[in-house]
Amino acid sequence: MATRSSSIRVVSKGSQGLGARPNDFQRFASMDPISQGRTIRDGMDAIIAERVARELLQIPLQTLLASLGLPSSTILRKISRKERLSGSESDRIARVLYIREQAADVFEDEELAAEWMRRANAALGGMTPLEVLDTQPGYDRVRDILSRIAFGVAA
């Protein structure tokens, strides 16, 4: 992941911060880790959840929210009111962005990466990578599996 010193700071609700613009996924990926952390803590625009589901994973928003353990009524309300996600909600969305980017690097194809995230995985006890991203241990395990795939080690 490239590290460029660009800081996106959302200052008020409905500010059209990270999540509402077409190139936001690339902007987030190009941020340095400290700026990414600040963006997560400040809260991403709630619309990013819908965009991640539709544009990156080709799944219904409800499926994404259920997989991440996010309350759909709360997120849908925040989307309709153009509010920001909380820091913890943004963190779960960021995990999807990180894993999707790593998977795209490993598989060298964005559609294959999305498909892999939606497919049951024996190394995850039959769950999909997306379904375990709601916790840090699940996130760590998915990253480990991707690293093993990248280096040709059995997962």
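The values are calculated or read from the model by the stated rules, or taken from the named source; none is laboratory data. Bear in mind that the values here come from a model prediction, so they are computed numbers and not experimental data. Cβ placement follows ideal geometry from the backbone for every residue including glycine, while neighbour counts extend to all protein chains displayed. Protein only, heavy atoms only, side chains kept; ligands, DNA and RNA dropped before computing areas. Shrake-Rupley method; radii C 1.70, N 1.55, O 1.52, S 1.80 Å.
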note = Note on segment 27-41: residues surrounded by fewer than 18 Cβ atoms within 10 Å (Cβ to Cβ) and either under 12 Å from the mean Cα position of the chain (by Cα) or charged (D, E, K, R) (or both) are ARG27, ALA29, ASP32, ARG38, ARG41
query = Would a scan of segment 80-101 turn up a residue that is free of Cβ contacts under 8 Å to residues at least 12 places away in the same chain and open to solvent by less than 30 Å² (accessible area, probe 1.4 Å)?
reply = no
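For segment 33-50, how many residues are part of a helix (DSSP H, G or I), under 14 Å from SER86 (Cα atoms) and not aliphatic (A, V, I, L, M)? Talk me through it step by step, then tell me what you get.
Keep residues of segment 33-50 that are part of a helix (DSSP H, G or I), which gives 33-42, 47-50.
Adding the requirement that they be under 14 Å from SER86 (Cα atoms) leaves 37-42, 47-49.
With not aliphatic (A, V, I, L, M) added as a condition, the list becomes 37-39, 41-42.
Count: 5.
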task = Would you point out which residue out of ARG141, ARG119 is over 22 Å from ARG41 (Cβ atoms), in contact (Cβ under 8 Å) with a residue 12 or more places away in the chain and open to solvent by 20 Å² or more (accessible area, probe 1.4 Å)?
result = ARG141
task = Give the residue, chosen from SER5, SER73, SER80, that is modelled with pLDDT under 95 and either more than 25 Å from ASP109 (Cα to Cα) or of a type outside the set (S, T, N, Q) (or both).
result = SER5
